[in-house]
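Laboratory data are not the source of any read-out in this text; all were calculated from the coordinates shown. From a predicted model like this one, the values you see are computed outputs, not experimental measurements. No Cβ is skipped: glycine too gets one built from the backbone with ideal geometry, and neighbour counts run over all protein chains shown.
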Amino acid sequence: MNLVQQIESEFKLYEHQAQKDDFFEYRKKAFQTFQKNGIPTIKNEEWKYTNLSKISEIGFQTSCVSNLDADALIKAGILNKIESNKIVFVNGCLFPELSVWLEDDPSIICTNLAKARKEHAAIFENHFGKYLPQEEGLNAMNSALMSDGAFIYVPAGKRMKYPLMLTNITDANESNILQQPRNLIVIEKSAAATVIENYIAVGENSSFTNVVNEIFVDENASLEHYKVQRAKGNSYHNNYTQIVQNANTNINQVTLTLDGQWVRNNLHFNMNGENCNSLLYGLYIPDGQQFVDNHSRVDHAKPNCFSDEKYKGILKDKSVAVFNGKIMVHLDAQKTNAYQRNQNILLSNDATVNTKPQLEIFADDVKCTHGATIGQLDEEPMFYLRSRGISENEARKLLLNAFADDIAEKIKIPELVQILEEEIERKL
Amino acid sequence: MLKIENLKASIEGKSILNGINLEIKPGEVHAIMGPNGAGKSTLSAVLAGRNDYEVTEGSVDFLGKDLLDLSPEDRAREGLFLAFQYPIEIPGVSTTNFLKTAINEKRKYLGLEPMEATDFLKFMRSKMEEMEMDKSLTSRSLNEGFSGGEKKRNEVFQMAMLEPKLAILDETDSGLDIDALRLVSAGVNKLRNPDRSFLVITHYQRLLDYIVPDFVHVLYKGRIVKSGDASLAKELEVKGYDWIKQEVEAAV
Ligand SMILES: Nc1ncnc2c1ncn2[C@@H]1O[C@H](COP(=O)(O)OP(=O)(O)O)[C@@H](O)[C@H]1O
Ligand SMILES: [Mg+2]
């Protein structure tokens, strides 16, 4: 069964249940959109280099069943390196054994979607499904058959004391797994939060993780958002993160793509008020036959906003990377400052990068730059270091670490920087 | 220490060094002077092991080893040091980390244990004092945002740290004001000792007022066309390079 057929049959099963969940109307509409738009193909300009056809044919199962040993995971140190609140999902389903809550203010909430819909109905209804562009086939697919996910809520004026680590574990020990996590993050006025999205995988089978994040950041609030992709093995991963920010908000977003056979990150900032700051940084280090696609879009809709985007890649072996960044400066968005760069270092002749920085400006009083580079490590610094007695290998490491540090220094959690440095060491 | 015999090198088929002969003994300071484009930087780059240049003929013996057969890093580990004419900036690589790596790579090559972090810092601090280096320079990325003078002084500081047997200074004086020139020369003079040799490349004589050479050679069109003692440099200052060029042309 291919992916479309599977979604259709799963939806039929769902529809014929006597006891449907609270999302029925929403799911049904999304399913109709999915039927209309389907899974994107390479004929779609936004998916030109990103081919889903192979993934569609793999054949997955949706299943909460997992024999994961919580203690073993904790011992392996995968989850406890950062002192943080934790909510963990396995194959899309809540895994309470690993969840940890450190905040002492009961008005700050982190729970799963199903519960949030019942217990925090007013806030939930206000935001859920309000921001996501549904016409994207994979978004519609998520909305139609989302598994579960996190609901994170920080009320006005509150500030999370600890970062919140939202971990998705794929357990592909038993079968090929399809999971569709769906997260909603609401940061109210003058509130602040740090969220780390963390993806890991175990098991030999394949998995397809299709995530949707809706994030709303109200006036004067701030958000630190990190996405760390460490799902090893045959894991395929699509992520759509829609961020809506109101006036005077600060958002720092860092996307780290380390593992995963096939990863597509879609990041969409809607800067919907004046004096917003949006920082988008990313680092990807694919090797082997890994494929990494970072698609971003920043909509400057109001005046006096600043956005800075920098994505850097180090590519080894036969890996492939795609960068597509679009900055839209709308008619009203005077005094916009927008910067975008994509820089790539190819360590192998067989690695490929397709990069497309785009800038569309409809306002006249703006400062915007964009650019992309693809190349090998420069000869000059290599020779300089070697002429001081440093081996070619060490020199390369020093230079690549320097290249990556530029992104690492955007991370404000020292333990996460350390994890990243270890991962870089491992990959290079 | 160093023996260059009939060294010829070219780049992209263009011959630049046309048979260089030069012998440097331990403790000697040799100066190479010559007009722009004579091949001075090419000579230093070939000695340091830059692979853009093709050595077409000749040999270089460095402390009993065939220098041209060694990788750039092994040349450095054997005791060769080049202070670049145009030191580059390497953002993101801290001077401290860079020097620690360089010293420990050399120690590994020589079969020594790596230097302890605290010993290294002590050693670096003492060298910084000796070379009158500003602390802030070593905490920054390598040469990043340094002025021309700071870059040159950083080269000399690196030389002090790496304690080479033969140091080649490629126009370390160019672009320096008089104060920076004094500091750089004082640094070099502190490093002079009976076992360490220098090859000082310069376009102008004024550096040689501070670093007094034992021998002066004039390089022109890829050949050493005249050699003498320190007085040759003075003569060049007064008369310029034209008379040498004329002598060479007349001899052809
Ligand atoms: N990378 C290069 N490619 C082509 N020609 C070069 C290159 N480097 C040096 N040359 C040429 O070699 C000659 C000698 O240059 P150089 O060694 O830099 O001289 P100097 O240091 O004495 O001024 C010059 O004619 C210069 O143009
Ligand atoms: Mg030169």
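Assorted remarks:
- Where only DSSP H runs of four or more residues are counted, chain A gives -7000 deg cm²/dmol as its mean residue ellipticity at 222 nm, each run worth -39500 (n - 2.57).
- Stretching the chain fully between A:L331 and A:D350 yields a gain of 2.6 nm (0.36 nm per residue, less the alpha carbon separation).
- Solitary cysteines of chain A, where the nearest other Cys Cβ is not under 4.7 Å: A:C110, A:C368
- Cross-link partners for A:K12 among the aspartates and glutamates, with Cα-Cα distance under 17 Å and sequence neighbours closer than 8 places in the same chain left out: A:D21, A:D22, A:E25.
- Computed over neighbours whose Cβ is under 13 Å from that of B:K8, the net charge equals 0, Lys and Arg +1, Asp and Glu -1.
- Projecting label points 7 angstrom from Cα along Cα→Cβ for B:T118 and A:I58 puts them 5.2 nm apart.
- Considering only A:L280, A:L400, A:L420, the residue lying farthest towards the positive end of the dipole of segment A:270-428 is A:L280, judged by Cα position with unit charges set on Cβ.
- Residue-wise HN-Hα coupling along segment A:112-118, computed from phi with Karplus coefficients 6.51, -1.76, 1.60 (Hz; x: Gly, Pro): 8, 4, 4, 6, 4, 4, 7
- Gyration tensor verdict on chain A (Cα atoms; rounded if a/c is under 1.5, prolate if a/b is larger than b/c, oblate otherwise): rounded
- Eligible aspartates and glutamates near A:K410 by straight Cα distance, threshold 17 Å, same-chain separation 8 or greater: A:E197, A:E224, A:D308, A:E309, A:E421, A:E422, A:E423
- Sorted by Cβ neighbour density within 10 Å, fewest at the top, the residues A:H120, A:H225: A:H120, A:H225
- Gain in span if fully extended, A:K161 to A:K48, counting 0.36 nm per residue against the direct Cα distance: 36.4 nm
- Only the Cβ atoms of Lys and Arg (+1) and of Asp and Glu (-1) were treated as charged; on that basis the dipole of segment A:150-205 about its Cα centre amounts to roughly 560 debye.
- Here the residues B:L121, B:L236, ranked from fewest to most Cβ neighbours within 10 Å of their Cβ, fall in the order B:L121, B:L236.
- Gyration tensor verdict on segment A:62-207 (Cα atoms; rounded if a/c is under 1.5, prolate if a/b is larger than b/c, oblate otherwise): oblate
- Distance from the alpha carbon centroid of segment A:44-100 to that of segment A:222-243 works out to 10 angstrom.
- Bridges between two residues of the protein assembly as shown, per DSSP, are antiparallel at a rate of about 15%.
- Summed residue charge, Cβ within 11 Å of B:S197's Cβ, Lys/Arg positive, Asp/Glu negative: 0
- Cα centroid separation, segment A:346-421 to segment B:94-130 (Å): 27
- Neighbour counts of other Cβ atoms within 10 Å put A:I196, B:I201 in the fewest-to-most order A:I196, B:I201.
- Listed residue pairs exceeding 19 Å between alpha carbons, taken from A:K158/A:K189; B:K127/B:K151; B:K3/B:K40; A:K232/A:K318; A:K335/A:K412; B:K190/B:K226: A:K335/A:K412; B:K190/B:K226
- Segment A:Q19-A:L428, length gained on full extension (0.36 nm per residue, minus Cα span): 142.1 nm
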